[in-house]
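These notes are about the structure you will find just below.
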Amino acid sequence: MALNGIQIFKLTPKKNCKECGCPTCMAFSMKVAQGAMKIEQCPHMSDEAIASLSEATAPPMKTIKAGAGAAEFTMGGETVMYRHEKTYVSRTRYAVKLDCCMDEAAVDAKIAELQKIDYERIGERMYVEAVYVTYCGAHKENFLSIINKVKGLNRVVVINCKDVDAAAEAVALCKDGKPILNGADASNYEAMNKIAKDAGIVLGVSGKDLNELYDTVAAIEKLGNKNLVVDVTGASIKETFKNAVLVRRAALKDQNRTFGYPSIVDTTGIAAEDKYMQAALLSLFTMRYGSIIVVDQMTYAEALPLYGLRQNVFTDPQKPMKVNPGIYPLNGADENSVVLTTVDFALTYFVVSGELERSGVPCNLTISDAGGLSVLTSWAAGKFSGNTISKFIQTEVEPKVKSRKLVIPGKVAVLKGDLEAKLPGWEIIVGPREAVQLVKFMKDLQA
């Protein structure tokens, strides 16, 4: 059987092949072609054949890793153009730009600001994952000083430098942190490739247009380096967007692996000093198709909606976003504050918790495992029932909370009698049907 033009093996049935886990080798071949099994699982394949086939069956976009330790992240590995087709694999990363022309005070201010953006939402840490340090051709000592300063931030350092000597010195300072050297183009790719390969780091490639970019990537691949990212930033917003889309389309639709690499988009070059345009471009290229997006500065307030967008785009559409079960004290609640319960569906949690915070009334919001479904859907599926709620209250809430008032969503008022029977000593209160009514409800309850 042939896969992507490569012969796997003869279609001679081997009955009851226990190693493969399939009744015949043909069935195994079909599962490999569909992506359901890995070619390495067949014991009859030679190492050479496995190596060839593994590359042939890999995603059209390579998976690239940058950074070291806790700062390491993955880019690429994508298989679809649109999220609804299947899912996106590696979420977009954001980088704040530092320039060698900046003075020390300005550099320190940007570093302090980016470190403020660090919080967790639905089990995902949201922070500025990279620092983009640019060398403009002058102020080399300041450039190297900035590299020294940021290498200890536990962020991936992206060295944006086309000067071979300066790039070599910068890489030497921070190579243990596995930075990205974004500096190869048609004029210097051989020297830059050597620096990146010797240090074992990712090399960024750029070109004056897509044709030059393509030729340069192909030339670097011939030198044996496929640990690359492509800088698709053009002379304008329109050109940059076109580049990002065409590179992704060439890789995924046309199966052109020369363009099968993650991408860098520098919004500072195409939006000048317009911070509002940069914010808009952050959203645009999060959806189409930046792997690393560079911005001049990001504040905590600007980050909140951006990271929310990213989380929505890069969450598997077939898996609901869930909040971890537990007790969430709001408005300075203590063990004597009233208890409310709802499902673990993320949207429900954030809507309900937001309205409760707006009420200003101290309360303990409890979340049990409801399969990531909404209130009525989980109730209909038996995942948000008298049994599940009472069990959670008895095992997780009663040992920690002294209050014996429990508010349940108004849409499942039918559970009131069942809960009163299963939770003796608790006062079961039916809450409003809609979250927007919680503010008045909580204030009336407190009174």
### Message
Considering only residues that are of a type in the set (S, T, N, Q) and under 26 Å from residue 269 (Cα atoms), which ones fall in segment 193-230?
### Response
193, 206, 211, 216, 227
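Quick grid of which residues meet (1) of a type outside the set (Gly, Ala, Ser); (2) open to solvent by 80 Å² or more (accessible area, probe 1.4 Å); (3) at pLDDT 95 or above:
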position	(1), (2), (3)
398	yes, no, yes
405	yes, yes, yes
414	yes, yes, yes
420	yes, yes, yes
427	yes, yes, yes
431	no, no, yes
435	no, no, no
442	yes, no, yes
446	yes, yes, no
### Summary
Counting only residues in segment 345-361 that are buried (at least 18 other Cβ atoms within 10 Å of the Cβ) and not in a helix (DSSP H, G or I), the one modelled with the highest pLDDT is identified as 361
### Query
Across segment 404-447, what is the total count of residues that are in contact with a Phe, Trp or Tyr (Cβ under 9 Å, 6 or more places away or on another chain) and over 25 Å from residue 373 (Cα atoms)?
1
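Does residue 425 fit the bill of being of a type outside the set (Phe, Trp, Tyr) and closer than 12 Å to residue 342 by Cβ? Lay out the reasoning, then the answer.
Details: of a type outside the set (Phe, Trp, Tyr): yes; closer than 12 Å to residue 342 by Cβ: no.
Against the criterion (of a type outside the set (Phe, Trp, Tyr) and closer than 12 Å to residue 342 by Cβ), residue 425 does not qualify.
Tell me which residues, restricted to segment 153-196, are outside any helix (DSSP H, G or I) and touching a Ser or Thr at 6+ places or on another chain (Cβ under 7 Å).
First, pick out the residues of segment 153-196 that are outside any helix (DSSP H, G or I): 153-163, 178-188.
Of everything in segment 153-196, those that are outside any helix (DSSP H, G or I) and touching a Ser or Thr at 6+ places or on another chain (Cβ under 7 Å) turn out to be 160, 184, 185, 186.
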### Considering residues of segment 306-344 that are polar (S, T, N, Q), out of contact with any helix residue (DSSP H, G or I) (no Cβ under 8 Å at 6 or more places or on another chain) and outside any loop (DSSP other than H, G, I, E, B) only, the residue most open to solvent (accessible area, probe 1.4 Å)
312
### Query
Scanning for something closer than 21 Å to residue 130 by Cβ, open to solvent by less than 20 Å² (accessible area, probe 1.4 Å), touching a Gly at 6+ places or on another chain (Cβ under 8 Å) and free of Cβ contacts under 8 Å to residues at least 24 places away in the same chain, does segment 183-199 turn up at least one residue?
no
### Task
Please determine, by comparing only the residues of segment 100-134 that are in contact (Cβ under 8 Å) with a residue 60 or more places away in the chain and among the hydrophobic types (A, V, I, L, M, F, W, C), which one is nearest to residue 144 (Cα to Cα).
130
### Task
Could you tell me whether any residue of segment 168-180 is within 18 Å of residue 293 (Cβ to Cβ) and either surrounded by fewer than 18 Cβ atoms within 10 Å (Cβ to Cβ) or within 27 Å of the chain's Cα centre (by Cα) (or both)?
yes
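Taking segment 257-281, which residues are of a type in the set (A, V, I, L, M, F, W, C), assigned to a helix (DSSP H, G or I) and under 25 Å from residue 184 (Cβ atoms)?
Initial filter on segment 257-281 (of a type in the set (A, V, I, L, M, F, W, C)): 259, 264-265, 270-272, 277, 279-281.
Filter once more, keeping what is assigned to a helix (DSSP H, G or I): 259, 270, 277, 279-281.
Within segment 257-281, 259, 270, 281 qualify.
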### Query
Among the residues of segment 310-327 satisfying the criterion of being out of contact with any Leu (no Cβ under 9 Å at 6 or more places or on another chain) and among the β-branched types (Val, Ile, Thr), which is modelled with the lowest pLDDT?
315
### Query
Can you spot a residue in segment 85-99 that is buried (at least 17 other Cβ atoms within 10 Å of the Cβ), touching a residue at least 12 places away in the same chain (Cβ under 8 Å), among the aromatic types (Phe, Trp, Tyr) and in contact with an Asp or Glu (Cβ under 8 Å, 6 or more places away or on another chain)?
yes
### Query
Failed condition for residue 47, given (1) modelled with pLDDT under 75; (2) surrounded by fewer than 13 Cβ atoms within 10 Å (Cβ to Cβ); (3) farther than 29 Å from residue 178 by Cβ, with all others met?
(3)
### Task
Output the number of residues of segment 200-228 satisfying the condition of being of a type in the set (S, T, N, Q), open to solvent by 30 Å² or more (accessible area, probe 1.4 Å) and under 20 Å from residue 291 (Cα atoms).
1
### Query
Here are some conditions: (1) in contact with a strand residue (DSSP E or B) (Cβ under 8 Å, 6 or more places away or on another chain); (2) farther than 18 Å from residue 203 by Cα; (3) free of Cβ contacts under 8 Å to residues at least 24 places away in the same chain. Residue 77 meets all but one. Which one does it not meet?
(2)
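The values are calculated or read from the model by the stated rules, or taken from the named source; none is laboratory data. Computed from a predicted model, the values in this text were never measured in an experiment. Backbone-built Cβ (ideal geometry, glycine too); neighbour counts: all protein chains shown. Just so you know, the surface numbers come from the protein's heavy atoms only, side chains and all, with ligands and any DNA or RNA stripped out. Shrake-Rupley method; radii C 1.70, N 1.55, O 1.52, S 1.80 Å.
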